[in-house]
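Have a look at the structure below, then the notes.
Bear in mind that the values in this text are calculations on the coordinates, not laboratory data. Remember, predicted model here, so these are calculated numbers, not experimental data. Neighbour counts run over all protein chains shown; Cβ positions are idealised from the backbone, glycine included.
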Amino acid sequence: MRSILIVQPNSTKSMTDALKPLVDQLGFKDTAYEYFTAPSGPKSINNEDDAAESVKHCLPELEKVLSQHDGFLVACYSKHPLVPILKEQKAIRSGRKAVTGIFEASVSTSLQIIHPDEKFGIVSTGKVWETILSEAVVDFLGTGSDAGKRFAGVETTGLNATDLHDAPPEEVRKRMKDAVKRLLKNGKVGAICLGCAGMAGMDTMVREACVEELGADDGDRVRIVDGVVAGVAWLEGAVRSGF
């Protein structure tokens, strides 16, 4: 049986557990999914320094299990250094194993599902991510790309990843919806990426904001892209096809 490991590089296990229902509902019964939570290190990855620090805590343990899986999904919404580091591991290269991050998967998916006259955008957590993720999109699309024509930018809630589950639900809902509505003012937005693994399952409040801002018909047309779902779907295809 095929096996895919979902790597949650911060050390908050409840965030890992919140990803499991999303994966289960996809119904890929012929693949075994296993989950990895950083054994120590940052509880929430709130900036690039946290991301770099998390590698130190994850990599020694991951190196022990690379041969046991066919694909790997790094479930942190950032240009996480663990993605290229894993791709360079001997067990990954020699075994032609698939690796992606939820950021990369969601951006790729968005570009394929929006129409030529539409843009995609990202809703994330702390304000620091507005610059980090905007630069990451430009880097991912490549030198010479005209990102402004396809990318509506990043809007943030001001909450970190753990706040999304620990803060009062109505406060989370308000901040999420406010961020979505700001994003929708940045052009014709056809897809919105949930820019944090901690936003898993929060697509309902994003949809509510789209309908409130654009009306029922246009609000329902906006695609909501969960990076975990996009990443698992891509890995399934890559592993099955031998890419």
Point to revise | Length gained when the stretch Lys56-Glu135 is fully extended (0.36 nm per residue, less Cα-Cα span) | key: 26.1 nm
Point to revise | Packing-based order for 121-132, 225-236, using average beta carbon neighbours within 10 Å, highest first | key: 225-236, 121-132
Review point. Which angle from 0 to 90°, rounded to the nearest 10, does the C-alpha axis of helix 169-184 make with the longest principal axis of the chain?
Key: 70 degrees
Practice item. Set the Förster distance to 25 Å, then compute FRET efficiency between Lys185 and Val128 from the Cβ-Cβ distance, nearest 0.05. Key: 0.70
Point to revise | Length gained when the stretch Arg2-Lys43 is fully extended (0.36 nm per residue, less Cα-Cα span) | key: 11.8 nm
Check your understanding: What is the Cα convex hull volume of the chain when expressed per residue in Å³?
Key -> 121 Å³
Revision key, fill the gap. Checked against the positive end of the charge dipole of the chain (+1 on Cβ of Lys and Arg, -1 on Cβ of Asp and Glu, about the Cα centre), the farthest of Ile102, Pro60, Pro169 is Pro60
Revision key, fill the gap. Taking the chain and counting helices only, DSSP H stretches of n ≥ 4 at -39,500 (n - 2.57) each over all residues, the nearest-500 ellipticity at 222 nm comes to -14000 deg cm²/dmol
Exercise for review: Rounded to the nearest 0.05, what FRET efficiency do Asp17 and Asp218 give with R0 = 35 Å and r taken as the Cβ-Cβ distance? Could you check?
Suggested key: 0.50
Exercise for review: Out of all DSSP beta bridges with both ends in region 104-227, state the antiparallel percent to the nearest 5.
Suggested key: 0 percent
Review point. Counting Lys and Arg as +1 and Asp and Glu as -1, each charge on the Cβ, what is the dipole of the chain about the Cα centre in debye, to the nearest 20?
Key: 520 debye
Check your understanding: What is the packing order of peptides 25-35, 183-193, 92-102, taking the mean over residues of other C-beta atoms within 10 Å and listing the highest first?
Key -> 183-193, 92-102, 25-35
Point to revise | Within straight-line cross-link reach of Lys64, lysines at Cα separation under 21 Å, skipping those fewer than 8 residues along the same chain | key: Lys13, Lys56, Lys87, Lys90, Lys97
Check your understanding: Mind checking which lysines have their C-alpha under 28 Å from Lys185, skipping anything on the same chain fewer than 8 residues away?
Key -> Lys79, Lys119, Lys127, Lys149, Lys174, Lys177
Check your understanding: Could you name the lysines in cross-link range of Lys29, using Cα to Cα under 17 Å and dropping any fewer than eight places away on the same chain?
Key -> Lys20
Review point. Across region 104-227, how large is the tail of the calculated P(r) beyond 25 Å, expressed as a percent of all Cα pairs?
Key: 17 percent
